[in-house]
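Comments concern the structure below.
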Amino acid sequence: MKTVSIISGSVVIAAAISINTIIPASVTLNVGDDGSCVNKVGSYGYGKSMFSLRPKKDAKGDFLKPSAFWIGPGEYHLLIWHNDRINSMTHFRHEQLAPFTYGEWHDIKQVDTFTVSRPSTMLFFVVTPILAIGGYFLSRFRRTSIALFVLLIFFVFFIVLGFSLIAETIATLPLLAGIGWIAAPIFGSSLALKRNASSELV
């Protein structure tokens, strides 16, 4: 049980550190950058916005691919036209007057450079101790704790999968947070079992 505590605790700490080190505080995109840079926005977990856009070509006549991200706050989006290079970027606010209808674009700005900030990691640091405490107290109800843990794994898996599918790339930030959240209740449970074992020895 001591080994489980060390491993799970290390995973939680590693996830917390990685979120603030592996994932940069921001990423700056520039017109002319490699087209793969667009995936950096998706790695933060920002989902792609679905807009019906007319095809667009570059100066050579090659078709460009549109990637639009909802980046907030509010209904602000970043539209990037790219192929092997970023061709252009548009920052705008989208207002949808009614569900399932075409909205209107406002505050439209053509930009040559744009910085996307890492989403707040506060949720990770709030949820992680809650899950650890939950694992600690649920360890006495073994069947219940196992069932809830399995549900947590499926929940985290589908959340990360959903972010990755929407962003069309590996959503690194949600993935790291999910790993920490899975390890947290294991850590709490192992501490409780370790304490119970010590009490029985006394």
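The values are calculated or read from the model by the stated rules, or taken from the named source; none is laboratory data. Everything quoted here is computed from the prediction, not taken from an experiment. Glycine also receives a Cβ, built like all others from the backbone with ideal geometry; neighbour counts cover every protein chain displayed. Areas reflect the complete protein model, heavy atoms only, side chains present, ligands, DNA and RNA absent. Shrake-Rupley method; radii C 1.70, N 1.55, O 1.52, S 1.80 Å.
Taking the mean number of other Cβ atoms within 10 Å as a proxy for protection, how do you rank 178-184, 132-138 from highest to lowest? Spell out each step's value before the answer.
Values: 178-184: 22.6, 132-138: 18.0.
So the order, starting with the most tightly packed, is 178-184, 132-138.
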Amide H partners (placed H, <5 Å) of residue 68, local residues excluded: 49, 80
Crossing angle, helix 2-21 versus the chain [Cα axis fit, 0-90 degrees, rounded to tens]: 20 degrees
Out of (1) -0.78; (2) -0.58; (3) -0.72, which label holds the value of log10 I(q)/I(0) by the Debye sum over Cα atoms at q = 0.12 Å⁻¹ that was computed here? (3)
Which of rounded, prolate or oblate describes segment 24-117 when judged by the alpha-carbon gyration tensor and an a/c cut-off of 1.5? oblate
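How large is the helix-only mean residue ellipticity at 222 nm for the chain, computed as the sum of -39500 (n - 2.57) over DSSP H runs with n ≥ 4, divided by its residue count, in deg cm²/dmol to the nearest 500?
On the way: 5 runs with 99 residues, N = 202.
Rounded to the nearest 500, the figure is -17000 deg cm²/dmol.
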For segment 141-197, what is the Kirkwood estimate of the hydrodynamic radius, computed as the reciprocal of the mean inverse distance between distinct Cα atoms, to one decimal in Å? 12.5 Å
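Subtracting the Cα-Cα distance from 0.36 nm times the residue separation, let me have the gained length for residue 91 to residue 2 in nm, one decimal. Each step should come with its number before you reach the end.
On the way: separation 89, 0.36 × 89 = 32.04 nm, distance 5.18 nm.
Going from the current span to full extension adds 26.9 nm.
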Taking only protein heavy atoms into account and a 1.4 Å probe, give the accessible area per residue of the chain in Å². 61 Å²
Across the chain, how many lysine pairs, 8 or more positions apart or on different chains, have C-alpha atoms separated by under 27 Å? Please give the number. 18
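For residue 137 and residue 28 in the same chain, what is the full-extension length gain: residue separation times 0.36 nm, less their Cα-Cα distance, in nm?
Numbers: separation 109, 0.36 × 109 = 39.24 nm, distance 4.42 nm.
Length difference between fully extended and current span is 34.8 nm.
Determine the share of the chain's accessible area contributed by carbon and sulfur atoms, expressed in whole percent, with a 1.4 angstrom probe. Could you put the intermediate results ahead of the total?
Numbers: 8110 of 12340 Å².
In the chain, the share of accessible area belonging to carbon and sulfur is 66 percent.
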I'd like the distance separating the alpha-carbon centroids of segment 41-83 and segment 94-120, in whole Å. 10 Å
Highest-fluctuation residue, 151, 131, 165 considered, GNM on the chain with Cα pairs under 10 Å: 151
